[in-house]
Structures are given as structure tokens and as C-alpha cells.
1. Let me know the shape class of the chain, please: from the alpha-carbon gyration tensor, a ≥ b ≥ c as square roots of the eigenvalues, rounded when a/c is under 1.5, otherwise prolate if a/b is greater than b/c, or oblate.
2. If each residue of separation counts as 0.36 nm, what is the full-extension length gain between ASP16 and THR120 once their alpha-carbon separation is subtracted?
3. Let a ≥ b ≥ c be the square roots of the eigenvalues of the Cα gyration tensor of segment 63-123; is it rounded (a/c under 1.5), or, if not, prolate (a/b larger than b/c) or oblate?
4. Over what distance in Å are the Cα centres of segment 28-62 and segment 82-123 separated?
5. How high is the FRET efficiency from VAL5 to GLU89, r the C-beta distance, R0 30 Å, rounded to 0.05?
6. Rounded to the nearest 500, what is the 222 nm mean residue ellipticity of the chain from helices alone, with -39500 (n - 2.57) per DSSP H run of 4+ residues and division by all residues?
7. Any idea what the relative contact order of segment 17-123 is, in percent, if you count C-alpha pairs under 8 Å spaced at least 6 apart?
8. Please give me the summed charge of the neighbours of ASP56: other residues whose Cβ is under 14 Å from its Cβ, Lys and Arg +1, Asp and Glu -1.
Amino acid sequence: QVKLVDAGGGLVQPGDSLRLSCAASGRTYDHDAMGWFRQAPGKEREFVASIDYRGDNRRYAESVRGRFTISRDSARNMAYLQMNSLKPEDTAVYYCARGDTNTDLAGGMARWWGQGTQVTVSS
């Protein structure tokens, strides 16, 4: 079974940056896609970004496109989410996710989830 541990959240001001990380362990597969979701208070969970097994193709929610960048390090079985120009509406619990394909994650389908890391953007 795959275990995901996400980290890197914190309290920042609008315009600041954060870098989230996700460490995968267990019986992982090279073709597994990685991604990030978030859930704000009182709102439904939403897709944020995903990346395919090669790292060639990336998907982004329109709300974060141009500000967030997803990446992965296959050698260390890690995934990252670089978040720039953070806004108060980015405040949420962010969850790392792993699924069969990039398309699956972009459509909200994942096999495994991280425990979540809190990101708070406030002045």
C-alpha cells in the first residue's frame, strides 16, 4: 500500500510564496501520477494541479494557473507544489494525491491521499 506524507503549509501574507512537498512510500509504480487538491472551510474539495509519470504534462485549476507550479522528483519519489502570489482565497487544507493517470487526478479520482497540510493566507 502507498503512503503519502504532505508538508510545507503555514501562515503567510498575501503575495507570499510557499512550497509544499509530498513524500510517497510503499509499493509505488513508475506510471503513477501525482497531484494536489485543496478544501477551504465550508467549501467542497477542489482539484489544484497534477503531473504525469514522466513530468512532461501538467494540469492546473484555472484559479491557480500562472501562480502555482507542480513538479516531481522520480528518484526520490517526491512531488511538490510551488505556490506564488498567494491570495486569501487560497486558504485551505492542501492534500497530496496519487492516482493511475494524470487524467484521473484532474478528474478528481485518486487512489491514495496525504493527511493534509494547512495553508493560511491572511494579512
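1. Details: a/c = 1.70, a/b = 1.65, b/c = 1.03.
Prolate, since a/c reaches 1.5 and a/b exceeds b/c.
2. Details: separation 104, 0.36 × 104 = 37.44 nm, distance 1.09 nm.
Extending this stretch completely gives an extra 36.4 nm.
3. Because a/c hits 1.5 or more and a/b exceeds b/c, segment 63-123 counts as prolate.
4. 7
5. Numbers: r = 26 Å, r/R0 = 0.87.
With a Förster radius of 30 Å, E is 0.70.
6. Numbers: 1 runs with 5 residues, N = 123.
My calculation for the chain gives -1000 deg cm²/dmol from helical runs alone.
7. Working: 231 pairs, mean separation 34.4, N = 107.
Dividing the mean separation by the residue count of segment 17-123 yields 32 percent.
8. On the way: positive: ARG54, ARG58, ARG59, ARG72; negative: ASP30, ASP52.
Result for the neighbourhood of ASP56: +2.
Values quoted throughout were computed directly from the atomic coordinates according to the rules given, and no laboratory measurement underlies them. Quick caveat, the model's predicted, so the values are computed rather than measured. Positions of Cβ are backbone-derived with ideal geometry, glycine not excepted, and every protein chain shown enters the neighbour counts.
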